[in-house]
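Reading through the structure tokens given below for one structure.
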Amino acid sequence: MQGWVTEHHPTRDGLTACVQCGLCLPVCPTFRLTGRETASPRGRIQAMRSVDEGQASVDAKFEEILDFCLGCRACEPVCPGMVPYGSLLEGSRAEISAQRPTAYRRLRRWVLGRVVPTPALMRILTVVLRILQRLHLIRLVPGRFRRSLSGLRPLDHAPNRVDRESDEPGGIGLLTGCIQEQWFPEVNRAAVELLRNAGHEVSIPATQTCCGALAAHDGHAEVAGRLGEANDRAFAACGTIVATVAGCSAHLVDRHGDGAADITAVIAAAIDEGRLPMLPRSGQKVVVQDPCHLRHAQKSIRPQRLILEAAGLDLVELDDAGMCCGAAGLYTILQPEASAELGRQKAGRISELGPELVASANPGCEMQLRAFLGEGYEIRHPIEMYLQALRRHG
Ligand code: SF4
Ligand code: SF4
């Protein structure tokens with residue numbers, strides 16, 4: 001048995017922190033879907049321990065067990081042993097990448113390490129997608145990509161892009177996000193406007209790159225490390241790095257602690273301190289969808305609710321304890337059936353509630369919800385809703 005071969009592997013302390021109590025099983029979406037122990041957090045940790053103790057190897061079975069995990073981290077907040085499941089998963093996937101470097105994994109490493117972080121290539125991809133959207137040809141895209149892409153916003157929004165600046169950075173540094181800046185530019189624009197209204201100095205360093213979250217989640221630790229170091233240099237003069245994508249901010253908070261934050265935390269703090277106003281209630285209802293990387297990874301649910309309340313909206317809560325919508329980074333592509341089932345379940349719960357306005361602070365969730373809710377729903381980031389309400393009130 002080979003055991004671990006890289007320095008990124010799960011730590012012995014992390015693995016032995018699991019006391020096998022099973023409290024995480026009911027909150028785990030993949031366990032709920034299948035009822036299989038190997039699709040539960042406890043079962044996955046046991047598989048990691050078997051490799052760590054030399055009783056099993058990083059083989060096809062291990063790969064299958066870990067690949068089926070969403071990385072939603074719903075298992076973390078309920079765990080009495082405070083098992084750092086997210087880092088155990090990333091370490092295990094780094095081992096799989098190192099020991100089982102299939103052509104598909106190498107292709108993903110290249111896409112996540114070279115294509116996604118290169119704005120020129122992302123712009124070309126965006127132009128292609130915009131043409132397909134305009135000609136109603138998204139339906140010709142291969143199945144597992146088609147469903148995801150059908151949840152895109154219309155891509156005719158180049159004027160909304162917030163361009164990276166070459167100015168000397170300082171104050172709050174905005175991470176524009178490789179996908180966010182191309183496909184959801186309105187969110188970054190709202191972030192800059194609200195941050196400046198709240199009295200923050202904002203900079204958008206020109207040399208920034210992808211945060212590496214997608215690469216880390218897929219097991220490309222060295223790619224994530226390289227991108228992280230590039231951003232350490234780009235944001236060196238900024239007090240706090242702020243991201244408008246929950247998945248990116250969770251990755252940054254894991255890396256920088258208090259030196260990074262999600263945009264919802266910063267805007268909610270400004271509202272709390274009276275630097276941004278609470279608007280009168282409009283009577284309009286909004287369903288709040290918590291991205292896993294806010295609710296579970298950052299344990300943050302209050303800020304987005306405060307922002308929506310400040311926008312004058314009445315909150316309608318989902319009663320599914322933050323069950324993942326199935327988007328989960330590359331999961332829609334890698335595990336299309338499980339992803340679709342979770343997307344259907346989430347959309348079903350939302351449609352039972354009534355309101356057709358849905359708040360989501362993560363672009364992947366937004367695309368998944370739009371793909372399954374279909375037409376008639378407006379799905380936006382909470383800060384976009386707040387800015388829109390501010391504009392209505394002059
Ligand atoms: S809740 Fe924590 S300690 Fe209990 S089985 Fe799950 S991971 Fe292990
Ligand atoms: S990250 Fe999510 S899918 Fe994976 S084991 Fe934890 S709860 Fe289950």
Using the 2.2 N^0.38 Å rule of thumb for compact globular proteins, work out how the range 272-394 stacks up: its C-alpha Rg over that value, please. 1.07
Looking at the range 27-103, I'd like the Rg to Rh ratio, where Rg is from alpha-carbon atoms and Rh is Kirkwood's inverse mean 1/r. 0.95
Could you state the number of Å between the C-alpha centres of the range 290-336 and the range 24-71? 24 Å
Of the convex hull drawn through the C-alpha atoms of the range 7-160, the volume per residue in Å³ is 157 Å³
Placing +1 at every Lys and Arg Cβ and -1 at every Asp and Glu Cβ, with all other atoms neutral, what dipole size does the range 12-101 have around its Cα centre, in debye to the nearest 20? 240 debye
Distance in Å, no decimals, from the C-alpha centre of the range 76-98 to the one of the range 352-391 is 30 Å
Per the Kirkwood formula on distinct C-alpha pairs, the Rh of the chain is how many angstrom? 21.5 Å
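Can you give the Kirkwood hydrodynamic radius of the range 285-343 from its Cα pairs, in Å with one decimal?
So the Kirkwood estimate lands at 12.6 Å.
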SASA check, Trp110, accessible area w/ 1.4 Å probe, all protein chains in place, rounded to nearest 10 Å², comes out at 140 Å²
Using each residue's phi in the range 311-318, evaluate 6.51 cos²θ - 1.76 cosθ + 1.60 at θ = phi - 60° and report the 3J(HN,Hα) Karplus result to the nearest Hz, with x for Gly and Pro. 7, x, 8, 9, 7, 10, 9, 7
At 7 Å along Cα-to-Cβ for each site, give me the label-to-label distance between Glu201 and Asp314 in nm. 4.4 nm
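Can you put Phe372, Phe184, Phe145 in order of accessible area, largest first, using a 1.4 Å probe?
Phe145, Phe372, Phe184
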How large is ³J(HN,Hα) for each residue in the range 9-20, as worked out from phi by the Karplus curve 6.51 cos²θ - 1.76 cosθ + 1.60 (θ = phi - 60°), to whole Hz, x for Gly and Pro? 5, x, 7, 4, 4, x, 5, 7, 5, 6, 9, 6
Simple Cβ-charge dipole of the range 277-392, Lys/Arg +1 and Asp/Glu -1, about Cα centre, in debye nearest 20: 400 debye
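Placing +1 at every Lys and Arg Cβ and -1 at every Asp and Glu Cβ, with all other atoms neutral, what dipole size does the chain have around its Cα centre, in debye to the nearest 20?
Once rounded to the nearest 20, the dipole reads 1000 debye.
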Share of carbon and sulfur in the accessible heavy-atom surface of the range 277-392 [1.4 Å probe, %]: 48 percent
To the nearest 10 square angstrom, what accessible area does Arg44 show with a 1.4 Å probe? 0 Å²
Separation between the Lys299 and Asp163 pseudo-spin-labels, each 7 Å from Cα along Cα→Cβ, expressed in nm? 4.3 nm
How much area per residue is accessible in the chain when the probe is 1.4 Å and only protein heavy atoms are counted (Å²)? 42 Å²
Once the Cα gyration tensor of the range 194-235 is found, what semi-axes does its equivalent ellipsoid get, as square roots of 5 times the eigenvalues, in whole Å, sorted largest first? 27, 12, 6
Nearest 5 percent is fine: what portion of the DSSP beta bridges confined to the chain is antiparallel? 0 percent
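The values are calculated or read from the model by the stated rules, or taken from the named source; none is laboratory data. Keep in mind the model is a prediction, meaning the values are calculated, not measured. Cβ atoms come from the backbone with ideal geometry, glycine included; neighbour counts cover every protein chain shown. Calculation scope for accessible area: heavy atoms of the full protein, side chains included, ligands and nucleic acids excluded. Shrake-Rupley method; radii C 1.70, N 1.55, O 1.52, S 1.80 Å.
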